[in-house]
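I have placed the structure first, in the form of structure tokens, so that the comments after it can refer back to it.
The values are calculated or read from the model by the stated rules, or taken from the named source; none is laboratory data. Only a predicted model underlies this, so the values are computations on that prediction, with no experimental measurement involved. Positions of Cβ are backbone-derived with ideal geometry, glycine not excepted, and every protein chain shown enters the neighbour counts.
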Ligand SMILES: [Zn+2]
């Protein structure tokens with residue numbers, strides 16, 4: 001599966017209701033965890049649904065302008081660690097506007113791999129990007 005970084009939203013933004021709220025909560029909890037590692041500004045989370053024109057393999061989008069993360073509903077069916085990987089990846093795009101993809105980094109590769117990163121490894125990489133220890 002491929003993860004793209006785009007400047008706009010992806011698919012249709014879902015209306016806020018109990019179901020959307022629950023999905024959004026999953027993402028927000030991961031952002032709270034990230035905020036414990038490095039203090040973050042407030043990030044808006046938008047849950048979307050793929051339309052007919054959108055590619056199914058997009059797992060998330062971090063905005064290049066502003067502080068928005070769009071997560072398609074289908075991403076939230078992945079394993080908890082994969083969801084965390086996608087959300088951390090988009091946090092890096094959203095906070096470090098200059099961060100592009102790095103094929104040598106398991107967090108910032110353009111595509112997610114089959115390999116599952118551990119929580120500790122994800123936390124470490126996120127911290128490195130957000131504190132400027134890792135160059136992009
Ligand atoms: Zn990306």
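Observations on the model:
- Failed criterion for residue 48 (all others in (1) exposed (fewer than 14 other Cβ atoms within 10 Å of the Cβ); (2) at negative phi; (3) without any contact (Cβ under 8 Å) to a residue 60 or more places away in the chain hold): (1)
- In the set (1) modelled with pLDDT under 95; (2) touching a strand residue (DSSP E or B) at 6+ places or on another chain (Cβ under 8 Å), residue 105 fails one condition alone, (2).
- Just one of (1) part of a loop (DSSP other than H, G, I, E, B); (2) under 12 Å from the mean Cα position of the chain (by Cα) fails for residue 30. It is (1).
- Some residue of segment 86-93 being at negative phi and more than 13 Å from the chain's Cα centre (by Cα): no
- Scan of segment 1-22 for residues that are assigned to a loop (DSSP other than H, G, I, E, B) and either in contact with a helix residue (DSSP H, G or I) (Cβ under 6 Å, 6 or more places away or on another chain) or modelled with pLDDT of 75 or more (or both), ordered by number: 5, 11, 14, 15, 16, 17
- Checking each residue of segment 120-128 against the condition of being out of contact with any helix residue (DSSP H, G or I) (no Cβ under 8 Å at 6 or more places or on another chain), in contact (Cβ under 8 Å) with a residue 24 or more places away in the chain, within 16 Å of the ligand (Cβ to nearest atom) and outside any loop (DSSP other than H, G, I, E, B) gives no match.
- Single match in 116, 85, 90, 103 (criterion: in a loop (DSSP other than H, G, I, E, B) and within 15 Å of the ligand (Cβ to nearest atom)): 103
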